[in-house]
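**Student:** Below: one structure in C-alpha cells.
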Amino acid sequence: MAILYQAEGVKLPSIKKRKVANWIKSVATSYGKKTGDISFIFCFDEKILEINNRYLQHDYYTDIITFDYTEGEVISGDIFISLDTVKSNSEQFDTDYNEEIHRIMIHGILHLCGINDKTPEERELMTGCENNALKMLER
C-alpha cells in the first residue's frame, strides 16, 4: 500500500511527502477508511482535458479527476490534478498556492471516502470536509 506522486509534463510540486501521506491516512481514518494504493498525477490543463474527454466524455477543463478503485474500507485510486487550474484557482480565490494544492489533493481523497459534490448541498459539505482536513494538516 503506497501513496505515490508523479508529474506528467509539469514540475512536481514541493510536497512534504511523508507528512502528506500521514495526513491522508489520518483523514481516511476519520472516515472509517484505510489507505491502499493512491497515485497523485500532477499534469497541465491540456492533459486533464484529454482525460476528461476520453474517460468521462466531458469537454471542459477541471482541476481534478479522481478514478476510484476503492474496495470495501480500503481507499485506492488515481487522482489527476491540473497544476495550471490549481494556480488559477489560488489566484481567483486569493489563497496560497500550496494550500490550494493540499485542498485539491484532499478533495480527491474525500471523493474516495465517499463524499460527493454534485449538488449545492453536497458541495457545501465537501468544502466543510476540506476545511476540517486542512486543519488536520496544520497540526
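Let's see how each residue does on (1) under 21 Å from residue 11 (Cβ atoms); (2) exposed (fewer than 15 other Cβ atoms within 10 Å of the Cβ); (3) touching a Leu at 6+ places or on another chain (Cβ under 9 Å):
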{"residue": "41", "(1), (2), (3)": "yes, no, yes"}
{"residue": "80", "(1), (2), (3)": "yes, no, no"}
{"residue": "90", "(1), (2), (3)": "yes, no, no"}
{"residue": "122", "(1), (2), (3)": "no, yes, no"}
{"residue": "135", "(1), (2), (3)": "no, yes, no"}
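**Student:** What's the total number of residues in the range 70-120 that are under 14 Å from residue 24 (Cβ atoms) and among the small types (Gly, Ala, Ser)?
**Tutor:** Total satisfying the criteria: 3.
**Student:** Is it true that residue 130 is surrounded by 12 or more Cβ atoms within 10 Å (Cβ to Cβ), of a type outside the set (S, T, N, Q) and closer than 16 Å to residue 24 by Cα? First the steps, then the outcome.
**Tutor:** Numbers: surrounded by 12 or more Cβ atoms within 10 Å (Cβ to Cβ): yes; of a type outside the set (S, T, N, Q): yes; closer than 16 Å to residue 24 by Cα: yes.
Yes, satisfied.
**Student:** So, one more: Which ones in the range 85-103 are among the hydroxyl-bearing types (Ser, Thr, Tyr) and out of contact with any helix residue (DSSP H, G or I) (no Cβ under 8 Å at 6 or more places or on another chain)?
**Tutor:** Once the filter is applied, which keeps residues that are among the hydroxyl-bearing types (Ser, Thr, Tyr) and out of contact with any helix residue (DSSP H, G or I) (no Cβ under 8 Å at 6 or more places or on another chain), the range 85-103 yields only 88.
**Student:** Looking only at the range 24-43, decide whether some residue is more than 22 Å from residue 134 (Cα to Cα) and modelled with pLDDT of 95 or more. Outline the logic, then answer.
**Tutor:** Within the range 24-43, the first condition is being more than 22 Å from residue 134 (Cα to Cα), and the residues that meet it are 43.
Now narrow it down to the ones that are modelled with pLDDT of 95 or more: 43.
Yes, because at least one residue in the range 24-43 is more than 22 Å from residue 134 (Cα to Cα) and modelled with pLDDT of 95 or more.
**Student:** Can you tell me which residue in the range 50-62 is farthest from residue 87 (Cα to Cα), limited to those that are aromatic (Phe, Trp, Tyr) and surrounded by 11 or more Cβ atoms within 10 Å (Cβ to Cβ)?
**Tutor:** The residue in question is 55.
**Student:** Would you confirm, using the coordinates I've provided, whether residue 71 is more than 16 Å from the chain's Cα centre (by Cα), at pLDDT 95 or above, more than 22 Å from residue 117 (Cα to Cα) and not aromatic (Phe, Trp, Tyr)?
**Tutor:** Judged against the criteria, residue 71 is not a match.
**Student:** Can you tell me which residue in the range 1-39 is surrounded by the fewest Cβ atoms within 10 Å (Cβ to Cβ), limited to those that are under 23 Å from residue 125 (Cα atoms) and of a type in the set (Phe, Trp, Tyr)?
**Tutor:** 31
**Student:** Oh, and also: List the residue pairs whose Cβ atoms are under 7 Å apart, where the first residue sits in the range 40-58 and is in contact (Cβ under 8 Å) with a residue 60 or more places away in the chain, the second is crowded, with 19+ Cβ neighbours inside 10 Å and not in a strand (DSSP E or B), and the two are 6 or more positions apart or on different chains.
**Tutor:** So the pair list comes out as 40/105.
**Student:** For a quick check of your reading of the model, give me the residue pairs whose first member lies in the range 77-96 and is under 10 Å from residue 45 (Cβ atoms), whose second is in a strand (DSSP E or B), with beta-carbon atoms closer than 7 Å and at least 6 apart or on different chains.
**Tutor:** These pairs meet every condition: 82/43; 83/42.
**Student:** Surrounded by 15 or more Cβ atoms within 10 Å (Cβ to Cβ), in contact (Cβ under 8 Å) with a residue 24 or more places away in the chain and within 23 Å of residue 25 (Cα to Cα): is that true of residue 65 in this structure?
**Tutor:** Here the answer is no, as residue 65 does not meet what is asked.
The values are calculated or read from the model by the stated rules, or taken from the named source; none is laboratory data. This is a predicted model, so every value here is computed, not measured. Cβ atoms come from the backbone with ideal geometry, glycine included; neighbour counts cover every protein chain shown.
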